[in-house]
Amino acid sequence: MADIEITEAADPGVSRRNFIKGVIAAGAAVGSANYMFRGAGSMFAQATTPGAVERLITITVNGQQRRVDIMRQETLATTLRYKLGLTGTKIGCDRSECGACTVLIDEVPHYACSILTHSVRGRSVRTIEGLAAEDGTLHPVQQAVVSEQGFQCAFCMSGYVMAAVGYLQDNPNPTRADLAHGLSGNLCRCADYNKILNTMEQAAENMRQA
Amino acid sequence: MAVIRDMMPAFELFQPATVEDAAALLREHGEQAWVMAGGLDSFDWFKDRVKRPSVVVDLGGVDALKGIESTADGLEIGAMTPLTDVVRHPDIRERYGLLQQAAELVASPQIRNQGTIGGNNSQDTRCWYYRDGWTCYRADGNICYADTPTSMNREHAIFGADRCVAVNPSDTAPALVALDAQMVVQTAGGERLMDAADYFIGPSIDITRMTILEPGDLLTAIRIPSTWAGATFYFEKVRDRQVWDFPLVNVATALRVSGSTIEDARVAVNGVAPYPMRLTAVEDALRGGSRDEATAERAGDLAVRGARALRHNGYKIPLMRNLVKRSIRAEA
Amino acid sequence: MNFLTWGTDPWGQEVLIRISWDLLYVASVLGILFVGAHAVWLAFFVQEEAEAVDEAALAGVPEKVARHSLASRVFHWVMAAAMLALLLTGFLPVIGIQFPWVTIHWVAGVVLTLSVIYHTIHATFWLGLSAMLVGPKDISDAVSRFKRSIGQDAPAPRKHGKYPLENRLYHHAITLTGGLVIVTGILMMFRIDTPLWARDPYIFTDPTWGMIYVVHGLSAVSLVTLVIAHIYFGIRPEKRWITWSMVWGWIDRRHYVEHHDPEQWAARSEGSSGQR
Ligand SMILES: Cc1cc2nc3c(=O)[nH]c(=O)nc-3n(C[C@H](O)[C@H](O)[C@H](O)COP(=O)(O)OP(=O)(O)OC[C@H]3O[C@@H](n4cnc5c(N)ncnc54)[C@H](O)[C@@H]3O)c2cc1C
Ligand code: HEM
Ligand code: FES
Ligand code: FES
């Protein structure tokens, strides 16, 4: 403690932490100078441009760290389905207009078709595959789907379930109207919305009891 | 336009962490660069291959642009604050309910979770001729496909058109205009502060842009003064479906009422012009009047004075008149 | 640099939109280069040939020789104002100075059109077109004048008629470009909304419109070059008497005798009847 104070008194412009950072940065500059002089100029430039992104990244999906090789323009839905094999997430419209691709990002529902995979680095993604417990016990919302037989073809189902999980975690006691509003970002082509709402009322009940 | 194609075309992506880095990247890449907030407007353009920037600067990592803070005179909302956070913020709920109501009616829950207040106010028009990638005026062409003898223009403008008849589609924009909000814009020459009403521009000034932002500029924050805190608010949006759909017409009204006298008023409407339209003539007429049916009636009539319908959007005139009227009529 | 701007029509085909605005810069640079080159040429290469004024000839000429009637002068300045307004409203937005330009533009366009129609009728039936014609003798005079100006031997040219050859050629260039910009501009008023007629962009096919926009643009940028040159000559000291004649209507006797050939342009006194 005492010597930090002395350092700061001696040079108020450079805190100890910044000084250490500076030393590390200088080291990095020396190290990367090797690259530069080997002729990989553009690589060097990219690595140091603030905000530049890398191809190989780690994302957290359903509690697991997954290392993936992705393109800049890749959407999360594409990565989940075609890189990670998590095909429970559906792609309906690919235009944020149907909700089939809904997943939770930090427990908040998002359309996976309309977010870049690069944007979920450092956040935690939950898909329909990540709902059931280790031992196979279904999530309360999933249980309601089974008990109420809420869906027909069920293409929209995983999106609805994820939207409902996100919504019910924040609003445990919704009215039917609240539920309709909370789940309004999902469409069902078979269009049995009444049955879906019955299911979700049951799901809310299940969650309250769980 | 739900044509599913394999992927968006490639672009270089940057995810800077500070406004300075973002601004530097935008300066460096100039017209090639695209600012991305929540991306919900942007991705449609990219997926449809209508706009093909080679560089995308994603502001998602710029934490300084997120969040809502109380200031000496009201609130400052970071441009990157998601609409859901705007809806849920207690201060906005209690004192600036107009904005809360407007934000709550945007698109769908998932879109509100990701779409930002900055993006919502900077979004491009929804004219489908333009969105389909035809080279109309707005795309630097020389024709408006939406105003021809055969156009489908049910959603288009009744005011403020100049060659292009597209409208501003934002729900939160008229609320900001009615609250006398100010936009904080970071330009190459430094920070500029402007009234929300001046942030939006019409085609007579620049037919290719909806806002005053030039390439390289950033909207950093929106300031809401306490002028209208706790006033009597009215927001109504009319749309075809109760979710996802953009406003055909929406109205945002703020009234200061004492007894039955209207002391001051702000009325703004969107979906009728290329910019959210503040109805100053209506406001002037309201000031000092009593809040009753006759005043509301007069306000409605005044609101649509000078409106010019296209072939298929004549209904917008009575719709706008009635919305303005309703927004002033005393609520039972 | 591009010459043309292309877009996509509803059928996915490439369609011509307009010229490329790169040409605006080309035209401006050409205008400025011309002015610079001409100024240098006059200052360093032309040998002044002192034209002796025959004092005796002065006697028979009125003190103020009428040159432009009031009507002609009014036309000229109305046209100039309209032209300047059109250039500014047309091109300031192109170079990034944004303002609501379209209404001012088409109104100025209509003013220009009306004034040109008036001028055409006036010139055809009252002024006569002969003052503007260019014949073989004019060409040989021009050649002699050029040779003499650089110190070579050549027969002495006639003096000028009412308008020197350059003026006549300039006028023809303006007639061409101005005519094109007017005809295309009037057609383009079907693309925008004016009280004059209903907007209908489908009176022509897209490619035809493309051509119309290209012609409007090409003539418009040519006018930039021409107007730069015109203003330059208008303010050059040794030409200022011509410019003033467009204000007051007359030139003085000395200039008349010095520069003009009475056989081609008989002097009339300012204020006398039959002034043109
Ligand atoms: C299916 C659908 C339905 C919708 N319905 C509605 C509706 O009913 N009402 C409504 O109001 N909106 C609606 N929207 C629009 C949606 O709300 C907006 O697209 C969203 O709010 C934009 O926010 P974003 O952060 O996703 O924007 P982005 O897509 O990231 O950005 C939009 C535009 O603004 C620019 N931009 C964004 N932030 C900044 C900044 N800070 N500085 C400079 N430029 C910036 C971007 O460059 C881009 O051009 C809908 C969208 C979709 C896809
Ligand atoms: C000096 C003469 C003129 C100049 C320099 C000029 C220049 C221009 C320019 C640069 C444009 C933009 C064209 C484009 O976007 O491709 C334009 C458009 C236009 N001009 Fe002119 N113009 C002139 C004369 C006229 C005249 C005489 C008229 C009409 C009588 C006219 C009517 C128009 C109209 C209606 C447009 C708008 C077309 C549109 O936006 O689609 N112009 N002009
Ligand atoms: S696939 Fe994402 S919303 Fe339809
Ligand atoms: S059950 Fe078939 S789409 Fe919803």
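The values are calculated or read from the model by the stated rules, or taken from the named source; none is laboratory data. On a predicted model such as this, the values are computed, not experimentally measured, just so you know. Positions of Cβ are backbone-derived with ideal geometry, glycine not excepted, and every protein chain shown enters the neighbour counts. All accessible areas refer to the heavy atoms of the entire protein, side chains included, with ligands and DNA or RNA removed. Shrake-Rupley method; radii C 1.70, N 1.55, O 1.52, S 1.80 Å.
Conditions tested, residue by residue: (1) small (G, A, S); (2) within 16 Å of ligand 2 (Cβ to nearest atom); (3) under 18 Å from the mean Cα position of the chain (by Cα); (4) farther than 26 Å from C:Y213 by Cα.
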{"position": "B:L75", "(1), (2), (3), (4)": "no, no, no, yes"}
{"position": "B:D85", "(1), (2), (3), (4)": "no, no, yes, yes"}
{"position": "B:L99", "(1), (2), (3), (4)": "no, no, yes, yes"}
{"position": "B:E104", "(1), (2), (3), (4)": "no, no, yes, yes"}
{"position": "B:A107", "(1), (2), (3), (4)": "yes, no, yes, yes"}
{"position": "B:G133", "(1), (2), (3), (4)": "yes, no, no, no"}
{"position": "B:I143", "(1), (2), (3), (4)": "no, yes, no, no"}
{"position": "B:A161", "(1), (2), (3), (4)": "yes, yes, yes, no"}
On the given criteria, is C:T208 within 14 Å of another protein chain (Cβ to nearest Cβ), part of a helix (DSSP H, G or I) and either within 16 Å of ligand 4 (Cβ to nearest atom) or out of contact with any helix residue (DSSP H, G or I) (no Cβ under 6 Å at 6 or more places or on another chain) (or both)?
yes
Is it the case that region B:1-12 has a residue that's within 9 Å of chain A (Cβ to nearest Cβ), surrounded by 14 or more Cβ atoms within 10 Å (Cβ to Cβ) and modelled with pLDDT of 95 or more?
yes
Pull out all pairs, ordered by first then second residue, where Cβ-Cβ is under 6 Å, the residues are six or more apart or on different chains, the first lies in region A:134-152 and is away from chain B (no Cβ under 14 Å), and the second is within 16 Å of ligand 3 (Cβ to nearest atom) and assigned to a loop (DSSP other than H, G, I, E, B).
A:Q152/A:C190
When you scan region A:159-177, how many residues do you find that are within 14 Å of another protein chain (Cβ to nearest Cβ) and either open to solvent by 60 Å² or more (accessible area, probe 1.4 Å) or part of a helix (DSSP H, G or I) (or both)?
13
I need a count of the residues in region B:137-161 that are within 11 Å of chain C (Cβ to nearest Cβ) and either of a type in the set (F, W, Y) or open to solvent by 30 Å² or more (accessible area, probe 1.4 Å) (or both).
8
Criterion first (within 16 Å of ligand 1 (Cβ to nearest atom), touching a residue at least 12 places away in the same chain (Cβ under 8 Å), in a helix (DSSP H, G or I) and not aromatic (F, W, Y)) does A:A180 satisfy it?
no
Of C:L86, C:L23, C:L33, the only residue that is more than 14 Å from every other protein chain (Cβ to nearest Cβ), under 30 Å from C:H259 (Cα atoms) and at pLDDT 95 or above is C:L33
Quickly run through region B:305-332 and pick out the residues that are of a type in the set (V, I, T) and either free of Cβ contacts under 8 Å to residues at least 40 places away in the same chain or open to solvent by 20 Å² or more (accessible area, probe 1.4 Å) (or both).
B:I317
Is it true that some residue in region A:123-146 is closer than 21 Å to B:G61 by Cβ and aliphatic (A, V, I, L, M)?
yes
Check whether at least one residue in region B:171-193 is touching a residue at least 40 places away in the same chain (Cβ under 8 Å), surrounded by fewer than 21 Cβ atoms within 10 Å (Cβ to Cβ) and closer than 17 Å to B:A265 by Cα, and report yes or no.
yes
Quick count over region B:17-51, residues being farther than 26 Å from B:R112 by Cβ, without any contact (Cβ under 8 Å) to a residue 24 or more places away in the chain and away from every other protein chain (no Cβ under 11 Å), is 1
Name, by its number, the condition in (1) of a type in the set (G, A, S); (2) away from ligand 4 (no atom under 16 Å from the Cβ); (3) closer than 22 Å to A:C98 by Cα that does not hold for A:G136.
(3)
Output for region B:83-97, where each listed residue is charged (D, E, K, R) and over 17 Å from A:H110 (Cβ atoms)
B:D91, B:R93, B:E94, B:R95
Within 16 Å of ligand 3 (Cβ to nearest atom), in a loop (DSSP other than H, G, I, E, B) and open to solvent by 70 Å² or more (accessible area, probe 1.4 Å), is that true of A:R95?
no
Determine, yes or no, whether A:V125 is open to solvent by less than 40 Å² (accessible area, probe 1.4 Å), among the aliphatic types (A, V, I, L, M) and within 17 Å of the chain's Cα centre (by Cα).
yes
Report whether or not B:L59 is modelled with pLDDT of 95 or more and more than 11 Å from every other protein chain (Cβ to nearest Cβ).
no
Residues of region C:6-41 classified as open to solvent by less than 40 Å² (accessible area, probe 1.4 Å) and either in contact (Cβ under 8 Å) with a residue 12 or more places away in the chain or over 15 Å from B:C136 (Cβ atoms) (or both), total:
16
Looking at region A:134-153, can you tell me whether even one residue there is among the hydroxyl-bearing types (S, T, Y) and either buried (at least 24 other Cβ atoms within 10 Å of the Cβ) or within 19 Å of B:A37 (Cβ to Cβ) (or both)?
no
Among the residues of region B:82-102, write down those that are within 14 Å of chain A (Cβ to nearest Cβ) and either more than 12 Å from ligand 1 (Cβ to nearest atom) or not polar (S, T, N, Q) (or both).
B:P82, B:L83, B:D85, B:V87, B:R88, B:Q101
Qualifying residue in region B:117-127 (condition: within 14 Å of chain C (Cβ to nearest Cβ), outside any strand (DSSP E or B) and at pLDDT 95 or above)
yes
